[in-house]
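Down below is the structure, laid out as structure tokens.
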Amino acid sequence: MCDNIQEYNKGELSFEDFKNQNGMFFWWASELLLMLGYKDLKAFKPAIDRATKALITLGINHYENIIYTIREDNGQEDFKLTRFACYIVAMNADTKKKEVAEVQSYFAQQTRKFELFVQGNEDIDRVLIREEIKEGHKSLFSTAKNSGVEDYAKFQNAGYLGMYNMMNTQLAERRGIDKNNLFDTMGRTELAANLFRMTQTEERIKSKSVKGQGALEQTHYDVGKEVREMVVKNTGKNPEMLPQEKELPDIKKELKKGYKKMIAVDKK
């Protein structure tokens, strides 16, 4: 395997040369991780875990795409990865590694062949962060309720007022989108900022033992304002001025369509 990776690094072998066949084509995680510049499976596991979350979010059976196994040839733990799983794993790998950038570039070319028009790790990150926001919203709601919130809509809008200087309905009108779908067009930076607003509001409520509707609204507003200042400092733009992206439901459809095409190509 090491000899093969050396040949890969020299440009003498390609990603396609590492595929195996057993009912359908698959790649070993232990070989993919070396292509991506990781030293071992332990260091590589977070990328696999994040890819698993992405598959679950997309409603794709991760057990059929990321298959845990003990290798018969060496008795070591490993994973069998489908082409699509390799793609998702590579998109969730450490972009600071030059090897990751090279593999992502390869997949960018490949995905065009499968008519998968997705902005690589940017859009996949958006899908994952959006899912985290759903969970963050549930957790914040529970904490606020336990702390005495009476009108959750007002509490929620206090955060928007702090972060955007406007309520969610005004932001939705400004962007020409339904208020219930505001997160669907946000870019990665804006989504991450909103997730941070939610988690930090919850933490402050807990750590400061905030109680009552008025105090809860003020806390959410204050945190939202702090996040606003952070966004302006780091991007040079107010949150409401951040560019909007392709709608997330469309991104999910693209990914599912690409998955089906990849699976069809790699079936025996």
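Listed values, structure above:
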{"quantity": "Which numbered condition residue 210 fails, given (1) of a type outside the set (Asp, Glu); (2) without any contact (Cβ under 8 Å) to a residue 40 or more places away in the chain; (3) surrounded by 18 or more Cβ atoms within 10 Å (Cβ to Cβ); (4) not in a helix (DSSP H, G or I)", "calculated": "(2)"}
{"quantity": "Residue list for region 193-216, filter: under 25 Å from the mean Cα position of the chain (by Cα) and farther than 15 Å from residue 130 by Cβ", "calculated": "200, 201, 202, 203"}
{"quantity": "Condition met for residue 265 (more than 30 Å from residue 24 (Cβ to Cβ) and either more than 21 Å from the chain's Cα centre (by Cα) or among the basic types (Lys, Arg) (or both))", "calculated": "no"}
{"quantity": "Test for residue 238: is it in contact with a Pro (Cβ under 9 Å, 6 or more places away or on another chain), of a type outside the set (Phe, Trp, Tyr) and closer than 23 Å to residue 123 by Cα", "calculated": "no"}
{"quantity": "Candidate set: region 165-207, residues that are touching a Gly at 6+ places or on another chain (Cβ under 8 Å) and of a type outside the set (Lys, Arg); chosen: the one surrounded by the fewest Cβ atoms within 10 Å (Cβ to Cβ)", "calculated": "199"}
{"quantity": "Residues of region 152-175 classified as within 13 Å of residue 218 (Cα to Cα) and either among the small types (Gly, Ala, Ser) or in contact (Cβ under 8 Å) with a residue 60 or more places away in the chain (or both), total", "calculated": "9"}
{"quantity": "Candidate set: region 1-24, residues that are surrounded by 14 or more Cβ atoms within 10 Å (Cβ to Cβ) and outside any helix (DSSP H, G or I); chosen: the one modelled with the highest pLDDT", "calculated": "19"}
{"quantity": "Filtered residues of region 61-96 (kept if part of a loop (DSSP other than H, G, I, E, B) and more than 15 Å from the chain's Cα centre (by Cα))", "calculated": "61, 65, 71, 72, 73, 74, 75, 76, 82, 96"}
{"quantity": "Residues of region 135-153 that turn out to be crowded, with 16+ Cβ neighbours inside 10 Å and in contact with a helix residue (DSSP H, G or I) (Cβ under 6 Å, 6 or more places away or on another chain), as a count", "calculated": "6"}
{"quantity": "Residues located in region 47-64, provided they are out of contact with any Asp or Glu (no Cβ under 9 Å at 6 or more places or on another chain), closer than 19 Å to residue 31 by Cα and in contact (Cβ under 8 Å) with a residue 24 or more places away in the chain", "calculated": "48, 50, 51"}
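One line per residue, one yes/no per condition, for (1) over 25 Å from residue 149 (Cβ atoms); (2) in contact with a helix residue (DSSP H, G or I) (Cβ under 9 Å, 6 or more places away or on another chain):
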position: 207; (1), (2): no, no
position: 216; (1), (2): no, yes
position: 224; (1), (2): no, yes
position: 231; (1), (2): yes, yes
position: 239; (1), (2): no, yes
position: 258; (1), (2): yes, yes
position: 262; (1), (2): yes, yes
position: 265; (1), (2): yes, yes
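The values are calculated or read from the model by the stated rules, or taken from the named source; none is laboratory data. It should be emphasised that the depicted structure is a prediction, and the values quoted were computed from it without experimental measurement. Positions of Cβ are generated from backbone atoms using ideal geometry, with glycine treated the same way; all protein chains shown enter the neighbour counts.
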